[in-house]
Amino acid sequence: MIKLASKLMICLMALSFTQAFAWGLTGHRVIAQIAENHLSNKAKREIKKIFGKEELAYWANWPDFIKSDTTGVWKPTNVWHYVNIDPQPDFESFKKNLEAQAGPSMYTQIKVLSTQIKNKQTNAKDRKIAMIFLVHIMGDMAQPMHTGRSGDLGGNKIKVTYFGKNINLHSLWDSHMIESLGYSYTELAHLLDIKTKDEVKKIQEGTVLDWVYESHQLANNIYANTPDGSKVSYDYGYKYDRILEDQLLKGGLRLAKVINDLF
């Protein structure tokens, strides 16, 4: 585990950095806020030991902020944010190909970080770092393009035009679609977090592998409907805004499930 000790100041320097990564500032905070709403009492007590009075949303984007660090100390964590895998015909093929991949990824690190958090021998600083990354990476998992193809870097090489602005497919799903909704993260979390207890329980069913596969299937759908050079605007929002909102909600509820299970 990368040590926090002499590097915590990086986060303070990076808080002013506003370039969008992953779900972007709003998306990750929405997921963190929804997760916080569904923590068990025991989990809340444990989270307070780790973060004090700071909420999950405060730290939700930190693993992206530190990509601006020029020392290279955090560079190995870049691959923790995604899994790259070509379209697979079914779940078993997906599982086989994913588990055959060498090296760390979003999928492997969720388990690694969970183990570190549960381990009573993990010191307080490393436990905090592990929890910060777990909050963030569970959010990344709900963003479909973080489970996309390696050839186009999860849609980063696919050019699209969104309301006349030249961007790429990955950034479209990262931030542009969310920002076009016009809500703050607290407003969006409040609007989305309206499921019944039974509905919440249903969304939280399954394993991390199941959830990654679900996101991957959605990525395949997005690829099929957003080829290179696509020009999209209101019609794209009509097709995908509800799916986008569902992914934010799922990310938050499943993050809460993982944290609750830890404690």
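Computed from the coordinates by the stated procedures, all read-outs in this text should not be read as laboratory data. Just so it is clear, the model here is predicted, and its values are computed rather than measured. Ideal geometry is used to build each Cβ from the backbone, glycine not excepted, and the neighbour counts take in all protein chains shown.
Computed from label points 7 Å out along Cα-Cβ, the spacing between Lys44 and Lys95 is 3.7 nm.
Can you give the log10 of the normalised intensity I(q)/I(0) at q = 0.32 Å⁻¹, computed with Debye over equal Cα scatterers of the range 68-109? Here the Debye-derived log intensity ratios amount to -1.12.
Plainly put, the range 193-263 has a radius of gyration that is 1.06 times its Kirkwood radius, both from alpha-carbon atoms, as the Rg/Rh ratio. For Lys111 and Asp246, the difference between the fully extended length at 0.36 nm per residue and the C-alpha to C-alpha distance is 46.2 nm. What is the angle, in °, between the Cα long axis of helix 208-225 and the longest principal axis of the Cα atoms in the chain? Nearest 10 is fine, range 0 to 90. Long axis of 208-225 versus the principal axis of the chain: about 20 degrees. Here the range 73-110 is scanned for amide nitrogen atoms under 15 Å from the site 7 Å beyond the Cα of Lys157 along Cα-to-Cβ, giving 84-87. Across the range 169-178, rounded Karplus estimates of 3J(HN,Hα) from the backbone phi angles (6.51 cos²θ - 1.76 cosθ + 1.60, θ = phi - 60°) give 4, 5, 5, 4, 7, 4, 9, 4, 5, 5 Hz, Gly and Pro being marked x. Give me the one-decimal Kirkwood hydrodynamic radius in Å for the chain, with the sum taken over alpha-carbon pairs. Mean inverse Cα-Cα distance, inverted, gives 18.7 Å.
Annotation for Glu187 and Phe263: the two label points, set 7 Å from Cα along the Cα-Cβ direction, are 3.1 nm apart.
Plainly put, the range 131-263 has a radius of gyration that is 0.97 times its Kirkwood radius, both from alpha-carbon atoms, as the Rg/Rh ratio.
Would you please name the trypsin sites (Lys or Arg not before Pro) within the range 34-132 that are DSSP coil residues with at most 12 other C-beta atoms within 10 Å of their C-beta? Counting only loop positions with at most 12 other Cβ atoms within 10 Å, the trypsin sites (Lys or Arg not before Pro) in the range 34-132 are Lys53, Lys120.
With a Cα cut-off of under 25 Å and a minimum spacing of 8 residues unless on different chains, the lysine pairs in the range 133-257 number 19. From the Kirkwood radius over Cα pairs of the range 98-201, Stokes-Einstein at 20 °C and 1.002 mPa s returns a whole-number translational diffusion coefficient of 129 µm²/s.
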